[in-house]
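Colleague: To start, I am sharing the structure in question, which I have written as structure tokens.
A short reminder: the numbers here are calculations on the coordinates, not readings from a lab. Because the structure is predicted, anything quoted here is derived from the model rather than measured. Virtual Cβ from ideal backbone geometry, glycine too; neighbours counted across all protein chains shown.
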Ligand code: PGA
């Protein structure tokens, strides 16, 4: 299983250091095949020792240059970061990242050999239109994305389940993952959206779920380690 923690705009450099230490103390007990990723805010990127991979929540598709407020490859290289989250719904919605921009980012970081966790997900009004609409919406988020890229992991995150405390149902996750698996050529497929210690077992036992991308419940090292070790 894959367990990925997305801190979003939470934690400082100092609290991230404490978190990594606390988490790593627990990770000795994880199953050897399980993989753990942490995506701290950019200000907390660093080289950390531990049984996890540190990735960036975002970066600009350039080595360096005049991109005010962004970080590029040069800043990631400093800490040996080779993993990136692309296409998160918060970036698509709040920061108005278009599919074309997301696809540009994907191509650049693919070119650099990065491991990419690529996020897709539908809003509530699409879910309410029925499964055909959901699938159509999700498939459009693969436009310009090379699903054959070998270092690709996909994360399905229904927007209405993110940060709401209300995860998608087993049936919803199962049906959606089954359909997505047919188009992603065997790539690992994570579920994201209110995954937490109390529902992790249920979610990870669904056929077609290869792991979880966790926001809120990952912010506390105890809670996230509980999920990994459950
Ligand atoms: P959540 O966030 O676990 O707080 O719902 C998930 C995500 O946005 O990756």
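Colleague: Taking the highest mean first, how do the peptides 77-86, 34-43, 161-170 order by number of other beta carbon atoms within 10 angstrom per residue?
Modeller: For the peptides 77-86, 34-43, 161-170, the packing ranking is 34-43, 77-86, 161-170.
Colleague: Follow-up. Taking R0 as 22 Å, what FRET efficiency do you get between residue 133 and residue 182 from their Cβ-Cβ distance, rounded to the nearest 0.05?
Modeller: Given R0 = 22 Å and the Cβ-Cβ separation, E is 0.80.
Colleague: Once the Cα gyration tensor of segment 54-135 is found, what semi-axes does its equivalent ellipsoid get, as square roots of 5 times the eigenvalues, in whole Å, sorted largest first?
Modeller: Working: eigenvalues 156, 34, 21 Å².
Sorted largest first and rounded, they come to 28, 13, 10 Å.
Colleague: Something else about it: What number, in percent, do you get for the relative contact order of segment 2-229 if the mean sequence gap of Cα pairs under 8 Å and at least 6 apart is divided by its residue count?
Modeller: On the way: 404 pairs, mean separation 46.7, N = 228.
Contact order relative to length: 20 percent.
Colleague: Kindly list the residues of segment 84-105 that lie in the label zone of residue 143, defined by a backbone N under 16 Å from the point 7 Å along the Cα-to-C-beta vector.
Modeller: 87, 92-93, 96-105
Colleague: Could you let me know the centre-to-centre spacing of segment 168-230 and segment 1-78, using Cα atoms, in angstrom?
Modeller: Here the two parts' Cα centres lie 20 Å apart.
Colleague: Please compute the length gained on full extension between residue 169 and residue 104, using 0.36 nm multiplied by the number of residues separating them and subtracting their Cα-Cα distance.
Modeller: 20.1 nm
Colleague: Name the residue, out of 182, 105, 26, whose mean-square fluctuation peaks in a Gaussian network model built on the chain with Cα pairs under 10 Å.
Modeller: Comparing 182, 105, 26 in the GNM, the peak value goes to 182.
Colleague: Further question: Under the rule a/c < 1.5 gives rounded, and otherwise a/b versus b/c splits prolate from oblate, where does segment 92-181 land using the Cα gyration tensor? Intermediate results must be reported in sequence, preceding the final value.
Modeller: Numbers: a/c = 1.91, a/b = 1.63, b/c = 1.17.
Verdict is prolate for segment 92-181.
Colleague: Of 186, 65, 113, which has the largest mean-square fluctuation in a 10 Å C-alpha GNM of the chain?
Modeller: 65
Colleague: Here's something else I'd like to know. In deg cm²/dmol and to the nearest 500, what is the mean residue ellipticity at 222 nm of the chain if only DSSP H runs of at least 4 residues count, each as -39500 (n - 2.57), divided by the residue total? Kindly include the intermediate steps, with their values, before the conclusion.
Modeller: Details: 9 runs with 78 residues, N = 230.
Dividing the helical sum by the residues of the chain leaves -9500 deg cm²/dmol.
Colleague: In nm, give the distance between the simple-model label positions of residue 199 and residue 74, each being 7 Å from the Cα along the Cα-to-Cβ direction.
Modeller: 4.4 nm
Colleague: Using all alpha carbons of segment 39-198, what is the percent of pairwise distances in each 5 Å bin, ordered from the shortest bin to the longest?
Modeller: 1, 8, 17, 21, 20, 16, 10, 5, 1, 0
Colleague: Between residue 67 and residue 94, how high is the FRET efficiency from 1/(1 + (r/R0)^6) when r is the Cβ-Cβ distance and R₀ = 22 Å? Nearest 0.05.
Modeller: Numbers: r = 18 Å, r/R0 = 0.83.
Calculated value: 0.75.
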